[in-house]
1. Lysine pairs in the chain with Cα distance under 22 Å, only those 8 or more apart or on different chains: how many are there?
2. For A6, what is the net charge nearby, where nearby means another residue's Cβ is under 10 Å from its Cβ and Lys, Arg count +1, Asp, Glu -1?
3. For the chain, take the longest principal axis of its alpha carbons; what is the angle in degrees between that and the long axis of helix 45-59, to the nearest 10 within 0 to 90?
4. Could you calculate the contour length gain from Q57 to L8, that is, 0.36 nm times the residue separation minus the distance between their Cα atoms, to one decimal place in nm?
5. Quickly rank 46-54, 9-17 as a protection proxy: mean count of other C-beta atoms within 10 Å, highest first.
6. So what's the net charge close to E55: Lys and Arg +1, Asp and Glu -1, counting the other residues with Cβ under 15 Å from its Cβ?
7. Give the label of the value calculated from the structure for Rg and Dmax of the Cα atoms in Å, choosing from [x] 31.0, 96; [y] 17.4, 60; [z] 11.9, 37.
8. Round to the nearest 10 and give me the degree value, 0 to 90, for the angle of helix 64-80's Cα axis relative to the longest principal axis of the chain.
Amino acid sequence: MKIRKAHLESATYSVYIHENKKEEQTLVAIPAIKWSTIIPYEEENIPLTVRLEEEFQFSLEGEEEKAQHLALKLVQWVREM
């Protein structure tokens, strides 16, 4: 498991990333906003980014810019693994 820090304008979130190679998926969790998801290896970057942005807009109370920034960071981190 990797732990990354996502620095946004007004807050810093700990992001927990666990890669499950056997099941070909990655678990991502951000406890501070009570959010988690499983990302299958075959999910493409653009649909993944859109999905994460939509989920973060709900979790971050409609802060669109923060949601987009966080989604892009997560996609980058997940694809690095």
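Taken together, the values in this text are just the output of simple stated rules run on the coordinates, not laboratory data. The structure presented is a predicted model; accordingly, all values stated were derived computationally and were not measured. A quick note on method: Cβ atoms are made from the backbone with ideal geometry, for glycine too, and the neighbour counts reach across all protein chains shown.
1. For the chain, the number of qualifying lysine pairs is 11.
2. +4
3. Roughly 40 degrees, rounded to the nearest 10.
4. Taking 0.36 nm per residue and subtracting the Cα distance, the gain is 16.3 nm.
5. My ranking of the peptides, most packed first, is 46-54, 9-17.
6. Taking every other residue near E55 into account, the sum is -2.
7. Comparing each candidate, only [z] matches the computed number.
8. Approximately 20 degrees, to the nearest ten.
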